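To keep things clear, I will list the structure first and then write my remarks on it.
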Amino acid sequence: MLMENLVSFVLQSFFPHLLLIILFTSPLTLASDPACQSTCGSLQIKFPFGTGYGCGSPRFQPYVTCKPGGDQLLLTTHTGSYPVSSISYTTSTITINPSDMSTCTSMHPCSSILGLDWTSPFQLGPSTFILVSCPPPTSSLTLKGTPICDPSYAFLCASIYTCPAVVSLGLPLFPPTNTCCVYSPGNLNNKGELDLHALKCDGYASVVSLGDYPTDPSQWVYGVALKYINGVLDNNIIETQCKACEMSGGVCGYAPPSNSFVCVCKNGYNTTMDCYNNYGDGQGVFLSTASLPTGDFPI
Ligand SMILES: *[C@@H]1O[C@H](CO)[C@@H](O)[C@H](O)[C@H]1NC(C)=O
């Protein structure tokens with residue numbers, strides 16, 4: 001108690017404005033940390049994506065959100081949560097990197113099924129699945145009676161089997177390529193799942209780009225590409241409002257329960273217009289009422 005009084009005395013004597021400064025700056029700090037962020041990790045987050053509840057499009061938000069801490073965007077489906085490694089807004093494609101997907105540097109048995117939700121705006125995009133450690137010969141692997149391996153891409157199997165990591169699948173170095181299968185285009189079954197267990201393969205790699213070195217699997221870009229359908233249910237008015245919001249430095253969001261459009265501005269204000277214009281609609285009273293400490297300021 002004595003110590004606290006002493007500290008308080010010292011603070012008040014020597015730093016009389018400290019408390020006021022703390023009180024005065026905290027609402028500003030809060031206000032400059034808007035509910036919706038425009039980045040998550042290294043990804044730029046724009047409509048229809050959002051970093052959390054109330055951000056982006058209400059059709060996307062249940063499936064895509066920024067992990068608390070703000071460093072990783074995740075796609076969540078009925079089969080799990082998958083890190084999103086890239087977003088292309090021009091081609092409406094995202095790339096996910098499931099943790100049990102194999103790459104040249106790290107191969108592992110695939111423990112789970114990769115599935116998409118039918119109700120979500122996502123569907124399988126243009127990636128090439130390479131199924132590895134399958135029962136030979138893969139030319140006889142079938143789904144519903146149809147062979148699934150594309151022999152014209154067999155060179156991808158030969159390439160990926162040069163990766164020393166194949167031994168983690170229990171394969172010898174340079175294993176016979178008739179245990180590998182290029183499954184492209186990959187299809188999901190009627191549950192929306194890529195079921196490798198049904199194919200009896202131990203693992204899979206998925207390649208979104210062979211880059212400049214088609215025969216060097218350590219240079220390939222791995223991941224599962226997903227297309228998203230934008231604008232089907234979101235009406236054009238929201239698209240137009242959102243463009244104006246993003247142009248003014250804001251982040252598009254929605255206000256539950258009606259899910260009406262809101263533009264979340266950098267200073268913490270929400271508006272139905274854009275951030276150039278965000279003092280006019282009665283929601284911008286945040287700073288002037290509850291949050292300002294009362295009393296005189298030594299300004
Ligand atoms: C602004 O909108 C976002 C997203 O809907 C919401 O999370 C946040 O609470 C709102 N902020 C204010 C100050 O109303």
Structure shown: which of Lys227/Lys266; Lys67/Lys191; Lys144/Lys227; Lys200/Lys227; Lys144/Lys200 lie over 23 Å apart, alpha-carbon to alpha-carbon?
Lys227/Lys266; Lys67/Lys191; Lys144/Lys227; Lys200/Lys227
Phi angles of the range 49-66, converted by Karplus (6.51 cos²θ - 1.76 cosθ + 1.60, θ = phi - 60°) into ³J(HN,Hα) in whole Hz with x for Gly and Pro, give 7, x, 8, x, 4, x, 10, x, 9, x, 6, 9, 4, x, 9, 10, 8, 8
Per the rule of 0.36 nm per residue minus the C-alpha distance, extending His78 to Ser168 adds in nm 29.6 nm
So for each of 181-193, 52-64 I average, over its residues, the number of other beta carbons within 10 Å; can you give me the resulting order with the highest mean first?
52-64, 181-193
In whole Hz, what ³J(HN,Hα) sequence does the range 180-188 give by Karplus (6.51, -1.76, 1.60; θ = phi - 60°), x for Gly and Pro?
10, 8, 8, 10, 8, x, x, 10, 8
Non-local residues with an amide H under 5 Å from the amide H of Ser184, with H modelled 1.01 Å from N and Pro and chain starts lacking one, are Asp150
Applying 1/(1 + (r/R0)^6) with R0 = 51 Å to the Cβ-Cβ distance of Ser140 and Tyr89, what FRET efficiency is obtained, to the nearest 0.05?
0.75
Residue-by-residue Karplus 3J(HN,Hα) for the range 158-168, coefficients 6.51, -1.76, 1.60, Hz, glycine and proline x
4, 5, 5, 6, 7, 6, x, 5, 4, 5, 5
Per the rule of 0.36 nm per residue minus the C-alpha distance, extending Ala244 to Leu210 adds in nm 8.5 nm
Return the long-range amide H neighbours of Leu73 (sequence gap of 5 or more, or a different chain), with a cut-off of under 5 Å between placed amide H atoms.
Lys67, Val84
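No value in this document is a laboratory result; all are computed from the given coordinates. In this text, all values refer to a predicted model and were calculated from it rather than measured experimentally. No Cβ is skipped: glycine too gets one built from the backbone with ideal geometry, and neighbour counts run over all protein chains shown.
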